[in-house]
1. Apply 1/(1 + (r/R0)^6) to the Cβ-Cβ distance of residue 8 and residue 496, taking R0 = 30 Å, and write down the FRET efficiency to the nearest 0.05.
2. Could you give the angle, 0 to 90 degrees to the nearest 10, between helix 399-419's Cα long axis and the longest principal axis of the Cα atoms of the chain?
3. Could you tell me which of rounded, prolate or oblate describes the stretch 397-487, using a ≥ b ≥ c as the square roots of the eigenvalues of the alpha-carbon gyration tensor, with rounded for a/c under 1.5 and, failing that, prolate when a/b is larger than b/c and oblate otherwise?
4. Simple spin-label model, 7 Å along Cα-to-Cβ: residue 546 to residue 90 in nm?
5. What full-extension length gain, to one decimal in nm, is calculated for residue 210 and residue 48 as 0.36 nm per residue of separation minus the Cα-Cα distance?
6. What angle do you read, to the nearest 10 degrees and between 0 and 90, between the alpha-carbon axis of helix 118-136 and the longest principal axis of the chain?
7. Distance from the Cα centre of the stretch 271-335 to that of the stretch 1-55, in angstrom?
8. Mind ordering 213-219, 199-205 by average Cβ neighbours within 10 Å, highest first?
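Just so it is clear, none of the values below were taken in a lab; they were calculated from the coordinates. Nothing here was measured: the structure is a model prediction, and the numbers come from that model. Counting neighbours? That spans all protein chains shown, and the Cβs are built from the backbone with ideal geometry, glycine included.
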């Protein structure tokens, strides 16, 4: 299902949004996070020696972080706070360990938390609309100042498809946990625009503390309900506090967004190894809801979302990092005019992107209908309330959380592949890369990546033939509900599909992943970049269908 022009807000008044209500009770919420975090840590460290050792290790780790990995976003009094604590904890003198733990957790809570101001939200919405409109329609919107016209043009360029009606209905009756794929820095802007366009209340989400090094970014994000995640901190008090913050926000009904991939996909492929720590906090939130409210408690629903771009601006950097991590090199050549040309391309070309909303599921991986009822793989109704009660003892111990979170992660990955929308550009990239690899089957992968462009030429007719074979496979998968397709792949002629794919692929890049030479054959200026877009269709076993 594709979006219509506009949707009415499911909660008409912004002041009634859950995130606004939480902000009104901010002090009570923060105190609850502090109290629950301290109590959880005292429960697992009942012996004084164990508590002292944990706190001392925390202080030492923090001092090491301050020395080796300082950031602009760090509080200015870091050393003044941690050095006296480390000294006191290292001595054998009597110190009030629970008091120290409370001070540490309180500090972390105030580092993590943000506010939500309606005025900042409205300003941010205008900024997001303007920025995306300029990036996707730079020439056509020259001189256009009407926000309404910009939004209308964006609805033509940002294609929202999938379970839109279900998403809106579930947002009315439950709490959403949106889990998008992560390919670009633009993802957060796009998701924010989509949430607003679909008439949903604002979602809170965790952003890396390093992003707050920018004063302008920090100013806005600190007032949009965003909480900060410092991935340098691996100590128990910080991790416990962060998880309690996330869990309580969900219990208070705030829709939340997690990037389970953790960071942008370096290879360009759909994420398979998910980081599920924060996602696990949803289980505690659901259990607490059931304990407090019984069967009438709000359910939490997980909504997979897949973002697809014809061109990811950061792709050259990302694939280079991916190859380097595998000990591989590429033949990419830098240019002194690279940044200027890249910026020129970015603001003079027209593009579009696709946001696919997947079918929602409950925390146990069961599918749900628009009324929020859960069904297993056989279509049998599942009583999740009873399941949480049956496993309550194990849930409290935390062991079932870990098992269920892993199963949920597998369900999310499976949903990503079903929700993924195949674009002409990705299909032409996959076809061309496989043909070039077959053309040099005797070479190692490293040697293939280092080949010069003149060695990487395939006849246009061969590309078109392979593209047709793979499109037929994708069409069958689509009809079976295993993948989505860009509309042009279903309606246009073969030649039109291939040409559109070639035109859109890497639209903004200086070195094009694919282009036609003077003879009309297909070559590449950057094979590693072609690999990045080829990887978008990894996981569907397409290669075996190429003859």
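1. Using R0 = 30 Å, I get an efficiency of 0.20.
2. So the helix axis and the longest Cα principal axis differ by about 20 degrees.
3. Verdict is oblate for the stretch 397-487.
4. That separation, rounded to one decimal, is 6.0 nm.
5. So the extension gain works out to 54.8 nm.
6. In the chain, helix 118-136 runs at an angle near 20 degrees to the longest axis.
7. 21
8. So the order, starting with the most tightly packed, is 199-205, 213-219.
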